[in-house]
Structure formats: C-alpha cells, structure tokens
Amino acid sequence: MNWLLLLLAISPGDVYRDFPDARALTPAQLTGAIRAETPSGELSLALLSRGKATGPVRVFYGTSVAGPAGRILAPRNGGVIHDDPVIRFSAEGEGELWAYFEQYGAAWRRITPEWKTYWVPDQPAGGLKFQLRVRRADGLWAVARQVDGVTLLRRNLSVKLYQAGHPGAAALAGATEAAWLVGDDIRPVPLDQLGAPPQPGAALLVRYARPRAR
C-alpha cells in the first residue's frame, strides 16, 4: 500500500493496524484506538466509528492494546557499520526494517536486512538511524525502540551526490562510476556519457576511489 509511505507519524512505541477500506472496520477493531490517519491527514475517530469514512486508514492504539515485540540486535546506538552491513533483529512475527539517511534530503526508507549501500552517499558521522516495525499474524504492527547515532565508515572509497546536473571534469577526478538518481530509481551511466540529467530534478551519484594509506 504505497499511500502508507506518505504517513510520517510512525514513532517508537506506536501500535497500529492498516485497513484498506475504513468502512470495513468493526467496533471491536476500534477498541483501544486513540487516533487514525488517512493519506490526506488525521481522521476523526467519531467519523470512523460511524462509518462516515472511506478508503485506506491507519488506526493507532493506546497502551491497552499490546503489540508484537521486537528489537534490533545489531548495530547498536552509536555503532559503526561498513558497506553492505547485515542488520540483525528479533521479532515476534514479520520484521520490516527502515533506515533514516541523507540521499537528496533526509528521510526514512525501507531497507533489507542485508542492506546494499553501494550507491548510498557518504553520511555525516553518527547520522544514521534504524527502525524495526513488527507485524503479527493478526495484522497488528508495533514500532520497536530505534537505534540512533550510527556511522557508515568507508575505507578507500567515497560516494558523493550532486543535486544539479553535470558536476564538471574537475569534480570527477578520481571517479570510478556514476549513476543518475531519479526519485528512488538509480540508473548507472558511463562517466564519459553523463550529458544532461535524464529528467528535471535528477541528481548524480558518483563513486570515487581513495588512495590507500601507506
């Protein structure tokens, strides 16, 4: 359900359930509810309980509703990871991992446990966060305590992001590969064929080799 990506109010400790159609909710499914959201914003629980709303809705519950348990095992707060890390977690049900990092603006993005960071731009020290969302078989989600202050440490390489077209020959000194970033779509392109961006708003990712320390 792509509309869920538009909802930003997902925080550690939240317990919620997603419904594709608000009219399908039963009174029992609203027991313990404290608020509800749709793609266009917050929805009155009174309207929801009276069947006056349609379309997808996310219902958040208070402490009277116990969500599934889970936690991230590695990395830990303030930890260091390297390229293509394995994010380890335990979950009472299905686990879904998200990472918060800078890539044409900072945002939460869903990742896999074997996170491929090949084209992730260099990050500020301690700038990464990880969040685990756990889904039980009954459809109830819970957000585990997140991991903060993680550093992506690279050796002998760097990945830079240029937000406005071709960076020029001087900026490409030492470059080994490049790719256009169009939304979340990464399109590799030969360094000698960069030309103009494929569409307005496209950014350029460039990988560089660093000299090895002697």
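The values are calculated or read from the model by the stated rules, or taken from the named source; none is laboratory data. Keep in mind it's a predicted model, so treat the numbers as computed, not measured. Cβ placement follows ideal geometry from the backbone for every residue including glycine, while neighbour counts extend to all protein chains displayed.
Values for this structure:
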quantity	calculated
Filtered residues of the range 162-186 (kept if in a strand (DSSP E or B) and not β-branched (V, I, T))	Y162, A175, E177, A178, A179, W180, L181, D185
Residue check, P20 touching a residue at least 24 places away in the same chain (Cβ under 8 Å) and loosely packed, with under 13 Cβ neighbours inside 10 Å	yes
Hits in the range 160-214 - residues which are charged (D, E, K, R) and over 18 Å from D122 (Cβ atoms)	D184, D185, R187, D192, R214
Among the residues listed as A170, A196, A178, the single one being touching a helix residue (DSSP H, G or I) at 6+ places or on another chain (Cβ under 7 Å) and of a type in the set (A, V, I, L, M)	A178
Restricting the range 167-181 to residues that are in contact (Cβ under 8 Å) with a residue 12 or more places away in the chain and surrounded by fewer than 14 Cβ atoms within 10 Å (Cβ to Cβ), the residue that is nearest to R109 (Cα to Cα)	T176
Which listed residue, of D138, D184, D192, is touching a residue at least 12 places away in the same chain (Cβ under 8 Å) and of a type in the set (D, E)	D184
The range 83-95 - residue that is within 18 Å of the chain's Cα centre (by Cα) and surrounded by fewer than 18 Cβ atoms within 10 Å (Cβ to Cβ) and, of those, farthest from V159 (Cα to Cα)	E94
Qualifying positions in the range 86-117 - without any contact (Cβ under 8 Å) to a residue 60 or more places away in the chain and in a loop (DSSP other than H, G, I, E, B)	I87, E92, G93, G105, T112, P113, W115, K116, T117
Qualifying strands (runs of 3 or more DSSP E) (wholly inside the range 13-71; at least 3 residues being closer than 19 Å to E96 by Cα and not basic (K, R))	15-19
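The rows are residues; the columns are (1) surrounded by fewer than 17 Cβ atoms within 10 Å (Cβ to Cβ); (2) at pLDDT 95 or above.
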{"position": "F101", "(1), (2)": "no, yes"}
{"position": "Y104", "(1), (2)": "yes, no"}
{"position": "D122", "(1), (2)": "yes, yes"}
{"position": "L132", "(1), (2)": "no, yes"}
